[in-house]
Amino acid sequence: MRISAKTEYACIAVMELGNCYGDGDPVRVRDIAERHGIPSRFLVQILLQLKAAGFVASTRGASGGYRLVRSPDEITLGEVMTVVEGADDTSASSLQSSSRAAAVLRDSWQAARQAQAAVLSSITLTDLVDRAAVEAESMYYI
């Protein structure tokens, strides 16, 4: 499984928005970009893509920014990845053979893709935000 930087940035951005969900205040692009080392211009493009898909809303002005439209426990990692990467409906196999061995491999690749989709669809933004909070609590500095 290969994950593009764009997908990782999108996931980080929605995690940040999920962390602030319910506060009422939009999160500024600059704050997310600085906190995570994401290029601001690239992040704006990603957030516009997420906005077009109905995941985020924006507020203009000096106190503007982005916020999640839906609750973080209603948004899955798989959904975010699909918005950014597009639906993966390409064949996992390039085998042209109709042999039994090739068919078994194609079935295996399909099963792996289905398992991956199931895992990604089971992880919500709330899960990720909670895990990140636990990680932050367990870190200590000397």
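The values are calculated or read from the model by the stated rules, or taken from the named source; none is laboratory data. Small disclaimer: the values here were computed from a predicted structure and weren't measured. Backbone-built Cβ (ideal geometry, glycine too); neighbour counts: all protein chains shown.
Of the numbered conditions (1) under 12 Å from VAL84 (Cβ atoms); (2) surrounded by 22 or more Cβ atoms within 10 Å (Cβ to Cβ), VAL27 satisfies every one except a single condition; which is it?
VAL27 satisfies every listed condition except (1).
Residue pairs, Cβ under 8 Å, 6 or more apart or interchain, first in the stretch 1-25 and under 18 Å from SER40 (Cβ atoms), second buried (at least 20 other Cβ atoms within 10 Å of the Cβ) and at pLDDT below 90. List them.
none
Determine whether the stretch 51-60 contains at least one residue that is β-branched (Val, Ile, Thr), surrounded by 21 or more Cβ atoms within 10 Å (Cβ to Cβ) and more than 14 Å from the chain's Cα centre (by Cα).
For the stretch 51-60, residues β-branched (Val, Ile, Thr), surrounded by 21 or more Cβ atoms within 10 Å (Cβ to Cβ) and more than 14 Å from the chain's Cα centre (by Cα): absent.
Given the structure, is MET81 surrounded by 19 or more Cβ atoms within 10 Å (Cβ to Cβ) and either under 20 Å from THR124 (Cα atoms) or in contact with a strand residue (DSSP E or B) (Cβ under 9 Å, 6 or more places away or on another chain) (or both)?
Yes.
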